[in-house]
Amino acid sequence: MRYLPLLVLAILFIGCEKSDDIPQNPTTEAFYYPPTTGSTWETKSIASLGWNQSAVQPLKDYLADKHTKSFMILVNGRIVMEEYFNGHTAAATWQWNSAGKTLVATTTGIAQQEGLLNINNKASQYLGTGWTSETLDKENLITSRHLLTMSSGLNDEKELVIKSNLTYLADAGTRWSYHNVFQKLMDVVAAASKQDFEVYFNSKLKNKIGMDGFWNYGPIFTIYNSSTRSMARFGLLALKNGKWNNEQIINEAFFKESISTSQTINPSYGYLWWLNGKSKYMVPGGQTVYQGALVPNAPADMYSAMGAEDQRIYVIPSKNMVVIRMGDASDPANPNFALSGFDTALWDKINAVIK
């Protein structure tokens, strides 16, 4: 009996060990949303996840070498890694490039759930007839859904979205082609909501999840700019199928459509989201169909917002994980619009850490 106090003390000591030192199952932990104001954001240690800490520095070295400005990994909403490189800071903004298309898709879905538009209606219902240089019968084939899925059939030879460039190439729905004409969705939302797209976006999406940032309306490209943490906030919204805390910002049914194959021509594309784990894919700038998954060494359930010069939001539901990368092109001599060899190389490094 004289050993009983020692046993009790030992149990108490074990019970008081720092939880971050004990590997945990992230699928059983409560999800965390950072407050919409301020800089508070809960963190998790790499040790608490049982990850390979010896592989962290090689990942950081690779990111720095590949012209990265910022990188984050979040699990269950909590920050596990947050790194800044090459003079970039947490307060600095950077362009999302085409990763921002997913913001447009989400805002379009919000407008639909509010009864302002229907993506299956012809785009000219909101834009007026004559927004393209097609004949009226061909123009009327194009719905907002075709703009969401890159299947408008409009000529993709020129990126400047003006009427004279929007000429007929194929019937809507019969050809997948990555094209800047998605910008017309912003005009659809503006017309349907009777306010500037950015005003509607700010009130219905940006402000609700605490994002910072702004749209830069260039002569050809319309690009969102924000801090890395704001990109991460949108990634968390995507991970939770459009829910933020107790509010369903974008209805779950629409969001799940967004991250599902949207047409049979390129099964790796949803509503401006890229989908991993499909049997084949296409890439911007061509009509070649490649066999296999977009990023074969990444989780099959991953969906991604991908922008030029390797701007990335990777969302991995099976791991309750979001990964963010912002920066200059990993290969400055070959800056890609979306998928690049960088994705596979980066996932080799990430896998070494998380497996």
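The values are calculated or read from the model by the stated rules, or taken from the named source; none is laboratory data. Just so you know, these numbers come straight off a predicted model, no measurement behind them. Neighbour counts run over all protein chains shown; Cβ positions are idealised from the backbone, glycine included. The area values use the complete protein model at the heavy-atom level, side chains included, leaving out ligands, DNA and RNA. Shrake-Rupley method; radii C 1.70, N 1.55, O 1.52, S 1.80 Å.
Listing for the model above:
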| read-out | value |
| --- | --- |
| Residue-by-residue Karplus 3J(HN,Hα) for the range 265-272, coefficients 6.51, -1.76, 1.60, Hz, glycine and proline x | 6, 10, x, 8, 10, x, 8, 6 |
| Accessible area, probe 1.4 Å, largest first, for residues Ile313, Ile162, Ile265 | Ile162, Ile265, Ile313 |
| Under 12 Å, Cβ to Cβ, from Gln287 - net charge with Lys/Arg +1 and Asp/Glu -1 | 0 |
| Nearest-20 debye value, the range 240-348 charge dipole, Cβ charges on Lys, Arg, Asp, Glu | 320 debye |
| Volume per residue that the Cα convex hull of the chain spans, once the total is divided by residue count, Å³ | 150 Å³ |
| The range 245-331: antiparallel DSSP beta bridges as a percent of all, rounded to 5 | 100 percent |
| Assigned charges on the beta-carbon of Lys, Arg, Asp, Glu; the chain dipole about Cα centre (debye) | 520 debye |
| Of all DSSP beta bridges in the chain, antiparallel share, percent nearest 5 | 95 percent |
| Rounded to the nearest 10 Å², the accessible area of Tyr269 at probe 1.4 Å | 0 Å² |
| Within straight-line cross-link reach of Lys101, aspartates and glutamates at Cα separation under 18 Å, skipping those fewer than 8 residues along the same chain | Asp156, Glu159, Asp187, Asp196, Glu198, Asp212, Glu257, Glu309, Asp310 |
| Derived scalar couplings ³J(HN,Hα) [the range 51-57; Karplus, 6.51 cos²θ - 1.76 cosθ + 1.60; whole Hz; x for Gly, Pro] | 7, 7, 5, 5, 8, 5, 5 |
| The range 65-114, accessible area per residue, ligands and nucleic acids excluded (1.4 Å, Å²) | 28 Å² |
| Isotropically averaged projected area of the range 88-129, using the convex hull of Cα atoms (one quarter of hull area), nm² | 4.6 nm² |
| Rounded percent of accessible protein surface that carbon and sulfur make up, the range 241-355, 1.4 Å probe | 49 percent |
| Dipole axis of the chain (+1 Lys, Arg; -1 Asp, Glu on Cβ), positive-most option in Gly38, Leu147, Phe201 | Gly38 |
| Nearby lysines by direct alpha-carbon distance to Lys355 (threshold 16 angstrom, same-chain neighbours under 8 apart not counted) | Lys319 |
| Å² per residue, accessible surface of the range 248-301 at 1.4 Å | 40 Å² |
| Distance between the range 145-198 and the range 201-226 - C-alpha centres, whole angstrom | 19 Å |
| Square roots of five times the Cα gyration tensor eigenvalues for the range 203-253, Å | 23, 12, 10 |
| The range 130-190 - percent of accessible surface contributed by carbon and sulfur, probe 1.4 Å | 50 percent |
| Lys/Arg +1, Asp/Glu -1 at C-beta; the chain dipole; positive extreme among Ala92, Gln248, Gly235 | Gln248 |
| Charge tally in the Cβ shell below 14 Å around Met306, where Lys, Arg are +1 and Asp, Glu are -1, Met306 excluded | 0 |
| Translational D in µm²/s for the range 177-287 (Stokes-Einstein at 25 °C, 0.890 mPa s, Kirkwood Rh from C-alpha pairs) | 157 µm²/s |
| Relative compactness, the range 208-352, computed as alpha-carbon Rg over 2.2 N^0.38 Å | 1.04 |
